[in-house]
Each structure stands twice: as C-alpha cells, then as structure tokens.
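What follows is a short report on a single structure.
The values are calculated or read from the model by the stated rules, or taken from the named source; none is laboratory data. The structure displayed is predicted, hence computed values, not measured ones. Cβ coordinates were reconstructed from backbone atoms using ideal geometry, including for glycine residues, and neighbour counts include every protein chain displayed. To get the accessible areas, we keep the full protein, side chains included, count just its heavy atoms, and leave off ligands, DNA and RNA. Shrake-Rupley method; radii C 1.70, N 1.55, O 1.52, S 1.80 Å.
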Amino acid sequence: MSLFAILLFAGTMLISLWAAARVKSVYRRYSQVPASSRATGAEVAHAILQRAGIHDVEIVAQEGLLGDHYDPAHKRLVLSVENFQGNSVAAFGVAAHECGHAIQH
C-alpha cells in the first residue's frame, strides 16, 4: 500500500469521525430545545406522511439513540424512543428527515 493511500484512508477516517461527533453534538444541543407545539415526533411524522398522501407506512419506536431509519422493505419508519415520544426541535427534525426517505420511496 502506498503512502498516499494510507494518508487518504487516514484522512477519510478522521473526517468521518469528526462528522459523527458533530452530528451527535448538534443533536444533543437541539434535543434540549422544546418545540412550540405539544406534538411528539411520532405525531409530526404522521402529519407529514398524511400530507404527502402516504397512508401505508407504520411509525414505530425502537430503543437506541440515533438509530432512526426508514425501512422500505417493511414500509416502516423507525424512530428512537426519544424522538418518537419527544417534542424537541431535534425530534421533529429527525422525524421529518426520515419521512423524507419514505416520501422518496
């Protein structure tokens, strides 16, 4: 393996680690900011999907921080318990992001 390949690999790893740390930091900050509505992340996701005309996607909660995802094989939008039940700006953002995947599918 050449020196260039090793440096490229190491640089890519450092950028990836920095990006992951940044996402967690920003998420932590905005998970402390309550949204002005009393809605939960699950309710926001439901409203977004309904407005997009999507009625066959199940919204479920799952343990684990930032394990949120859309499962196209099962038409399931999975939110962490914190985002499913939470009403923070971060919970709304994550729910909307995952709805975007469902809408694209």
### Task
State all residues of segment 33-46 that are closer than 15 Å to residue 81 by Cα, in contact (Cβ under 8 Å) with a residue 40 or more places away in the chain and not hydroxyl-bearing (Ser, Thr, Tyr); if no residue qualifies, say none.
39, 41, 42, 44, 45
### Residues of segment 68-105 satisfying the condition of being of a type in the set (A, V, I, L, M) and without any contact (Cβ under 8 Å) to a residue 24 or more places away in the chain
73, 78, 81
### Summary
Note on segment 22-40: residues hydrophobic (A, V, I, L, M, F, W, C) and closer than 17 Å to residue 68 by Cα are 23, 26
#### Entry: Selection count where residues are open to solvent by less than 40 Å² (accessible area, probe 1.4 Å) and assigned to a loop (DSSP other than H, G, I, E, B), scope segment 84-97
1
